[in-house]
Structures are given as C-alpha cells and as structure tokens.
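Comments concern the structure below.
The values are calculated or read from the model by the stated rules, or taken from the named source; none is laboratory data. In this text, all values refer to a predicted model and were calculated from it rather than measured experimentally. Cβ sites come from the backbone with ideal geometry, for glycine too, and all protein chains shown count toward neighbours. We work out accessible area using only protein heavy atoms, side chains counted, and drop any ligands, DNA or RNA first. Shrake-Rupley method; radii C 1.70, N 1.55, O 1.52, S 1.80 Å.
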Amino acid sequence: MGPNPSILGRLLLGTGLSILLMVLMGIVIVYFSIRNSFIEQIDVDLKSTANLMVSELETQGGNVYHEWLLDIEDDPTRALDDLAQAWDVRTGQSVKSPALGPRELPRFHGELNQPVFLDATIGGDQSVRAIGILVNAVPKDRVIEVPDYEIPQFVFVLAASTRQKDNALRNLRQTLILVGLGTFVLCGVAIFGVINQSLVPLKDLSDRLDAREDNQLGRPIVISHNFPMELRGLVEGYNHLLERIEGVRKRERDFSYHAAHELRTPLSGIKMVTELALTRERSSEDYQNRFQKVDTIADGMKTTVSRLMQFARLQGGNEVLVLDRIDLHELLDTAWKELSQKTKDHKLSAKWKLNSEHFIQENDAELLRILVSNLIDNAASYAEEGSAIKIETFDEKKHLILTISNAIPEKLEENCERFFEPFYRADKVRTHGEGHTGIGLSLCKEIALTIGAIINIAPTDEKTFEAQVSIPFSDL
Amino acid sequence: MRILLIEDYTPLRESITEHLKDTGFAVDATPDGNEGLKFATSHKYDAIVLDLMVPGIDGLKILTELRKNGDETPIIITSALDSMENRVEGLNAGADDYLIKPFGLPELLARIQAQTRKVYGKRKATIEVGDLVVDLNSKRVTRGKREIVLTKREYGLLEYLTYRAGEIVSRQEIWEHVYQDAEGGSSNAVDVYVSYLRKKLNEGNEPNLLQTRRGQGYFLDPNDGT
C-alpha cells in the first residue's frame, strides 16, 4: 500500500481477490468433478468390456485361443474401433486388434486379475484411457487336467479413445472460464458501487468540514438519523475534539482580551490624566500631582508587563534555576509582613502551624519568594474581612506540604482549575487597585512546574478556600 | 446635565469626573457595580457612562437590569474589550454607544453630548432660542451680536433650560440635573443662579427670555412670556 492508502482501493482489492479466489475454486471444483465423472464412466465401460474380453482368452489342450480377437474381426464396427492387445507373459508375443494397425498399446498391469488404469497416447497423437490386467487364460476343456504352472498368463490391455471426452472437457473449461470472468466482473462492479455508495457519507462529512468558515470551526457536526452507525463514533470523537479545541481557543482569546484590557485600562488612565492636565494652565503643584498619578499608573503597567514576561519565560522553559539555601518558614513570615497594610485594612490575622522539619530548602530563592508571596497575597485579597488566614507546613512522603487557606464569603461555583488561567478572575473585575495583575496564580503554577512542585487550589468546604503546594525534599 | 459614571479604575474615574465637572456636568461616580445600580435606579440621569468590568454586579448586568425596568437613560459603555462580539453584545443588551479604551476625553464628552441632545430631541450642536444661541461644543453663548460670559454653573443651568426650551422646568428638576449632591445647599440656590443668569441674558431693553412661573418653575421663552 502506498503512502496514501485508499479505503476504496483496499476494499476493492480485498473483495476482488476474495471473489477471484472463490470463482477459481468454483471453476476448479466443477471442472474436476465433471472430468472425474467422465473418467469414471470410461473406466466402468473399459472394466466391464475388458472382463468380458479376458474371459475369451481360452486354452484348449494347451493351446491358446484369442476368441476376443475373432469377435472383433467378425464385427466390422469393432474392427475399426476396438483397441485391444494381449501379451503372452512367457513368450512376450502379442496379438492386437486390427484398429491398432502398426501401433502398440502400452503394456501394464497390476496384481493377477486386478485391473489398473492408465492415460496414454498411442501412435504419437491419439489420447486413450486404458485398462491393463494380468490374467490366466481360461481352460476351455476342463476335462483335461492341466497343472497350474502350465496355464499361460496374459497381459491384456484394452483402450478407449478419449477424444470425445477431451473435447467435452475443453468446451467445459472455456465455458467455466467465461462464466467465472463474467461473475468476477459483475461482482466487482456491484461491490465497487456498494463501497462507493457506503463512502458517500464520509466524503459528505469531509466536504462539510472543508466548507467551514473560520468562524464556524468550533461548531459541532450535526448528523442526520440515517447517518451510518460506523461513522457515528468518528463524528462523536471529532465533536469532542472540536469542543476541546474551542475551549483552548476561547482561553487563548480570553488571555489576549484580558492582557489587552490589563494594558489598555492603565493606558486610558495615562491618556486621560495627561489630557486633563493639558486642558488649561495649572499650578506647578497641580502638574506635579498629575505627573505623580501617571508615574503610579506606569509603575503598575511595568509590573504587569514584567510578570507577563516572567510568565512567558516560565512557560517557554527559559527560566534558569539559581539554587540557594532558603528558609521557607522565614520566607512565609516575610511575605506576611509585607502585606501588613492590606491585612490591617481587611482586619486579617494569621494562624501559623509550621511543623515541617525540611523547611530549609535548596531551591531558587526568587521563584519560591514569588510563589509564596502570590499565594499569601491571593489569600489576603479574597479572604472574608476580619477572618484568619491559616498557614501550615508539614512533611509527607518525602515532600514538604505548604497549605494556605482563607475564609470565603460564599460558596465557589467555579472550576478552580480556571484560576490558573492568566487574567482569569471569578468576579470578572480586572482592576482591583490592589496591585493585582491577574496572573499571580498562573505564575504560581508555572513556578511550581519549574521547581518540580505540585500546586492545587480548591475549596475544602463551603466557607474555606485552600492552596496547597507539595515541594519535594531537596538533598542538602 | 447629570451624569452617572461607573468605573472601578481610579485614575480613569477621577479624570473623567473632573473633566465632566469642568465642562459643566454634574457627576455621580462610583467604582462599584452594586452602588452604581443603586444610583441609577434612585436618580434621574441624563446619561450613564458604564465600564463593563466592575466589582459587584458587572456592567452588562447593570445595563440589562435597567432596560428590563424600562429605564431609557442613554448608556455609554466604556471597555477595553474591542472585539465585534463584545460590542454587539453590549449594544444588543441596550447600550446606546460603545467606547473602546483607551479613548480621549473630548471623544467621551462629544458622545455624552450627542446622547443628551438625542434625549431632548436636539440634533444640532447649537440650540437657538429666539436670538439666543448656545453652542454646545464650544460652550459659547451669544444673544444677537452680544457674547455672554457665564460661569460654569450658570452655563450648566442655561444648557439644561435650553434643552428644555418652551417647557416649564421645576426647581427640583434643575437641582437634580445641574447641581452636585455633595455641594449641599438647597433648591433656593437654584433661584439665586436663575437670577444671576437672567441678569446676564437680558441687557437693556432686550425681552426677558427666562420666565418664572410662580409655584411651577422656570422656562426659556423666545416670546417674552407673552
């Protein structure tokens, strides 16, 4: 099969070969059945005639009489047709029917009185079927006692021309070949039609997919009730794939929209603050305040862009780890203290339960710092006001487990995996004004992957949301 | 003209508010969707400027809710989402306009003015009441060949009365559409500013354009109230 195997070609080739084989087998079986039947009929005739004729090989007073020959010679029809010959086993002398003329029949035989058959050619061109039999001449005068060894033995061969049978078989062969070829061609055409018809839905499916516009790519394929069941699985699988592709496309689209939003909104801010500053003459202090605003906005944009770049680097696997000894507990404490203003504003407290004995890690300090800071900041930003944030470490199966959990005001209905998507936010607000860029958790996931850790976020109950990071022990 | 601005990004909210106030609008601004919806349902605004992604109830839900309750206040969506689907979704939900960030203050102002003109059935950017001409773009006011210089408040008052020329406008309506809530005072302030405005509009023997209907309010009348 070539590089582009064709179903139609395979089916045609397969079924064609099968049909050819069946037709050939049919021809062979029919031909040989008929041929054997012909031969059997000839053999039966030869055997009965030969039995009659050998009974006419007689001895009388020690002399042999070939009465069969006399019968032939007396009958003009037999004189022309009968092909018989007898050999005296002792002397090798033979007598033969007149129809043989100068030709000789093959001398052959089996056990005494056991006839054997042979296909032969006599005179170089005449095909015959012959029977050969070893017989004792029949003593005609049974009064005279002749010892067994004195009874002459003869090989008697009787042949029948097979010309008629051969002609009939030749005709039969031609007929069978023609019928076989006709059957093969007819079956081939019928099968080609059936296969072609069966492949129409596949071609139709392919045409429908080809005809799709760019904006219709994600739409599922709708099939009619008479769509072949063998292709339904293919369509269902394709629809499932389309659904997944559409999901990925949507996430990519959302990422672009949200990235654009995160940059456009502060850009709008800069544009408006500067436009407003230029609407009229202002005091230098007023200008200074407005420049300060622009500077703050630009700082925010810088943070967003640098986080985006870091995210891209981590995703592309371009971040090189700089390993160092890090005290994770100290890192957690620092991250919490850095959020003092926010925790004060939201009246949040911390509940510490640091039980890991492997808190000294050999890891990338900066990446681990971003991971820990983002998780604590996230917890502080979304925690219910006045609640406590629980920060816990413990060891489990050669891993340091860090969990940060916070109380949430209402049950989360969202698929938490989506929180790892860049700029994804459950409340759809893109700008909190608390330094959130919307890619904190996405960064955490990429960092976790980079340092060989596993991160999971999920509500533990209706009122608690938990982030868990499992970091393998580092060999120090 | 009173505008409601719902925008959570502080620099934008502050700048738009300041600019609209500078150009004579009364502005209520909030960063929160829930508060925005509360404002929109409890006050009569001439236009609402609505960001789609705000905390609390999002912009699209606010829009749908207002339209569902029969509120026909012109709503201008401001959003960084610039795809056709986003714009179609916003406009189909009942928005009158869709402005993509980043946009300029003059453009926002022009769109707000276009929407408010539509509300009061004025297609042109200049409104004439007798020989009084108010240019809504340049904020220039002339009567005959005389240019009238007005303060921001006086212009806001005149613009609102001009939009509703020929109609009696109550003190309460003027208060609601021209004055800031936070400014304090009472509807007596309206009388004071009407008096200032009348003095500037009518000079010498010119017919009195700004009429008072006792117990009902004021109206601009090109026919000297006759």
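At a threshold of 20 Å², the residues of the range A:239-263 that become less accessible to a 1.4 Å probe in the full protein assembly than in their chain on its own are A:Y257, A:H261.
Put a plus charge on the Cβ of each Lys and Arg, a minus charge on the Cβ of each Asp and Glu, and nothing anywhere else: the dipole of the range A:247-329 about its Cα centre is then about 440 debye. Using the Cα coordinates of the protein assembly as shown, the gyration tensor eigenvalues translate into equivalent-ellipsoid semi-axes of 116, 39, 18 Å, sorted from longest to shortest.
Taking the DSSP beta bridges with both ends in chain A, the antiparallel portion is around 85 percent. Cross-link partners of A:K347 among lysines, defined as those whose alpha carbon lies under 26 angstrom from its own and excluding same-chain residues fewer than eight positions apart: A:K337, A:K390, A:K411, A:K428, A:K463. Note on A:M22: accessible area is roughly 130 Å² with a 1.4 Å probe, heavy atoms of protein only. Setting aside same-chain residues fewer than 8 positions from A:K47, which lysines have a Cα under 30 Å from its Cα? Partners found: A:K96, A:K140, A:K165.
Based on protein heavy atoms only, the range B:126-220 ends up with 49 Å² per residue of surface accessible to a 1.4 Å probe. The slack between A:I34 and A:K302, meaning 0.36 nm per residue of separation minus the straight C-alpha distance, is 86.7 nm.
Are there trypsin sites (Lys or Arg not before Pro) in the range A:156-238 that DSSP marks as loop and that have at most 13 other Cβ atoms within 10 Å, and which are they? When the trypsin sites (Lys or Arg not before Pro) of the range A:156-238 are filtered for loop state and at most 13 Cβ neighbours within 10 Å, A:R212 remain. For the protein assembly as shown, carbon and sulfur atoms together expose 53% of the accessible surface, with a 1.4 angstrom probe and every protein chain in place. Using a cutoff of 8 angstrom between alpha carbon atoms and counting only pairs six or more residues apart, the relative contact order for the range B:2-119 works out to 23 percent.
Only helical runs count toward this figure. For chain A, summing -39,500 (n - 2.57) over DSSP H runs of n ≥ 4 and dividing by all residues gives -17000 deg cm²/dmol at 222 nm.
Evaluated with a Cβ-only charge set (Lys, Arg +1; Asp, Glu -1), chain A carries a dipole of roughly 1840 debye about its Cα centre, given to the nearest 20.
In loop segments of the range A:92-126 as defined by DSSP, there are no trypsin sites (Lys or Arg not before Pro) with at most 12 further C-beta atoms inside 10 Å of their C-beta. Determine the distance separating the Cα centre of the range A:159-173 from the Cα centre of the range B:36-90; give it in Å without decimals. Taking the Cα centre of each part, the range A:159-173 and the range B:36-90 sit 102 Å apart. Each Lys or Arg adds one and each Asp or Glu takes one away; over the other residues whose Cβ falls under 14 Å from the Cβ of A:A467, this sums to -2. Among the listed pairs B:K118/B:K139; A:K271/B:K44; B:K44/B:K139; A:K271/B:K101; B:K139/B:K199, a Cα-Cα separation exceeding 21 Å is found for A:K271/B:K44; B:K44/B:K139. Comparing the full protein assembly with the isolated chain (1.4 Å probe, heavy atoms, ligands and nucleic acids excluded), the residues of the range B:75-93 losing at least 50 square angstrom of accessible area are B:A80. The stretch between A:I221 and A:K203 holds 5.1 nm of extra length on full extension. This uses 0.36 nm per residue minus the Cα-Cα distance.
First check a/c for the range B:126-220, with a ≥ b ≥ c the square roots of the eigenvalues of its C-alpha gyration tensor; if it is under 1.5, answer rounded, and if not, answer prolate when a/b is larger than b/c or oblate otherwise. Judged from the Cα gyration tensor, the range B:126-220 comes out prolate (a/c at least 1.5, a/b above b/c). With all protein chains kept in place, the per residue accessible area of the range B:2-119 amounts to 36 square angstrom at a probe of 1.4 angstrom. Charges were assigned to the Cβ only: +1 to each Lys and Arg, -1 to each Asp and Glu. The resulting dipole of the range B:2-119 about its Cα centre is roughly 360 debye.
The range A:443-475 and the range A:256-294 have their alpha-carbon centroids 38 Å apart. Chain B and chain A together bury an accessible surface of about 2300 square angstrom, both sides counted, with a 1.4 Å probe and no ligands or nucleic acids included. Taking square-rooted eigenvalues a ≥ b ≥ c of the alpha carbon gyration tensor, is the range B:2-119 rounded, prolate or oblate, where a/c under 1.5 means rounded and, failing that, a/b exceeding b/c means prolate? It is rounded, given that a/c, with a ≥ b ≥ c, falls under 1.5.
For the range A:209-269, rounded, prolate or oblate, judged on the Cα gyration tensor with a ≥ b ≥ c (square roots of eigenvalues), a/c < 1.5 rounded, else prolate if a/b > b/c? Note, shape of the range A:209-269 comes out prolate.
Could you give the distance between the Cα centres of the range A:350-410 and the range B:128-158, to the whole Å? Cα centroid to Cα centroid, the span is 64 Å.
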